[in-house]
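Colleague: Just passing along the structure, written as structure tokens.
The values are calculated or read from the model by the stated rules, or taken from the named source; none is laboratory data. This is a predicted model, so every value here is computed, not measured. Cβ coordinates were reconstructed from backbone atoms using ideal geometry, including for glycine residues, and neighbour counts include every protein chain displayed.
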Amino acid sequence: MAVIEVNNLHKIYHETRVPVHAVNGVDLTIEKGEFTAIVGPSGSGKTTLLNMIGGLDKPTEGEVFINGKKLSELRSRQLIDFRLKNIGFIFQAFNLIPVLTAIENVMFIMQLQGWDKKKRTARAKALLSAVRIDASKMVHRPGNLSGGQQQRVAVARALAPRPEFILADEPTANLDSKSTSELLDIMLKMNEDSSATFVFSTHDQRVVDKARRIITIEDGKIVKDQTVEKNRRS
């Protein structure tokens, strides 16, 4: 069964006199365990598509299904709860809570979901270790971490509540080459070891080179959908 299914998705913005068709009739299916990059130039509609898949934006027309659940049937509060339980987000700007430490950031969503303190602490420590955050850094606030470290904390936070899939919007845009390489290797290992599903919106060739499926979008339409055969950990 598909984790994500998108049917005839459209998004039209009316901010000017000329309507902008940001997403134009997209059909898409993502299976569990995929490591997929949605690519295209700025303004192609890839981030808008990602936001609608994640329930952050409502389509003008069409439907998004997550594990068979139609997002349009959910009311505002239900949609928030559904996102918390099913979707992990990684953003370009990290979006960590500045007054919380790294481990508190990772535990935050688990706490909202009512996880036992002992269990959420243990999982947060395990995930931070997996993304190569030393124990001494776990008690630091985001402002005392490098950009690469902050984004690795964001990955751990996204994975913490065991979501159905991870949506990553330009996650490497603010990172140097070394941090990007380390982050992608970490996410690919998690994908391989636990079948965590990752969907990226990106124009970064380094992300594309790691992806096992590449979906190219132009002018709001999918123009190419390619599965790439690669050796594991290549």
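Colleague: Go over the candidates Thr172, Thr227 one by one and state the one that is of a type outside the set (Phe, Trp, Tyr), exposed (fewer than 14 other Cβ atoms within 10 Å of the Cβ) and in contact with a strand residue (DSSP E or B) (Cβ under 8 Å, 6 or more places away or on another chain).
Modeller: Being of a type outside the set (Phe, Trp, Tyr), exposed (fewer than 14 other Cβ atoms within 10 Å of the Cβ) and in contact with a strand residue (DSSP E or B) (Cβ under 8 Å, 6 or more places away or on another chain) holds for just one of Thr172, Thr227, which is Thr227.
Colleague: Moving on to the next point. In this structure, is Asp204 surrounded by fewer than 17 Cβ atoms within 10 Å (Cβ to Cβ) and in contact with a strand residue (DSSP E or B) (Cβ under 9 Å, 6 or more places away or on another chain)? First the steps, then the outcome.
Modeller: Values: surrounded by fewer than 17 Cβ atoms within 10 Å (Cβ to Cβ): no; in contact with a strand residue (DSSP E or B) (Cβ under 9 Å, 6 or more places away or on another chain): yes.
No; evaluated as a whole, the condition is false for this residue.
Colleague: For a quick check of your reading of the model, give me the residue pairs whose first member lies in segment 124-153 and is in contact (Cβ under 8 Å) with a residue 60 or more places away in the chain, whose second is in a helix (DSSP H, G or I) and surrounded by 22 or more Cβ atoms within 10 Å (Cβ to Cβ), with beta-carbon atoms closer than 7 Å and at least 6 apart or on different chains.
Modeller: Gln151/Leu183
Colleague: Going by what's in this entry, would Arg162 be described as charged (D, E, K, R), touching a Leu at 6+ places or on another chain (Cβ under 7 Å) and surrounded by fewer than 22 Cβ atoms within 10 Å (Cβ to Cβ)? Show your work before the answer.
Modeller: Numbers: charged (D, E, K, R): yes; touching a Leu at 6+ places or on another chain (Cβ under 7 Å): no; surrounded by fewer than 22 Cβ atoms within 10 Å (Cβ to Cβ): yes.
No, not satisfied.
Colleague: State yes or no: is Arg152 among the basic types (Lys, Arg) and surrounded by 20 or more Cβ atoms within 10 Å (Cβ to Cβ)?
Modeller: yes
Colleague: Is at least one residue of segment 210-221 among the β-branched types (Val, Ile, Thr) and modelled with pLDDT under 95?
Modeller: Our first condition is that a residue be among the β-branched types (Val, Ile, Thr); within segment 210-221, this holds for 214-217.
In the following step, the residues that additionally are modelled with pLDDT under 95 were identified as none.
No, because not a single residue in segment 210-221 is among the β-branched types (Val, Ile, Thr) and modelled with pLDDT under 95.
Colleague: From Gly62, Gly33, Gly45, Gly25, which residue is surrounded by fewer than 21 Cβ atoms within 10 Å (Cβ to Cβ), on the phi > 0 side of the Ramachandran plot and within 21 Å of the chain's Cα centre (by Cα)? Reasoning before the result, please.
Modeller: Values: Gly62 fails: within 21 Å of the chain's Cα centre (by Cα); Gly45 fails: surrounded by fewer than 21 Cβ atoms within 10 Å (Cβ to Cβ); Gly25 fails: within 21 Å of the chain's Cα centre (by Cα).
Unique residue meeting the criteria: Gly33.
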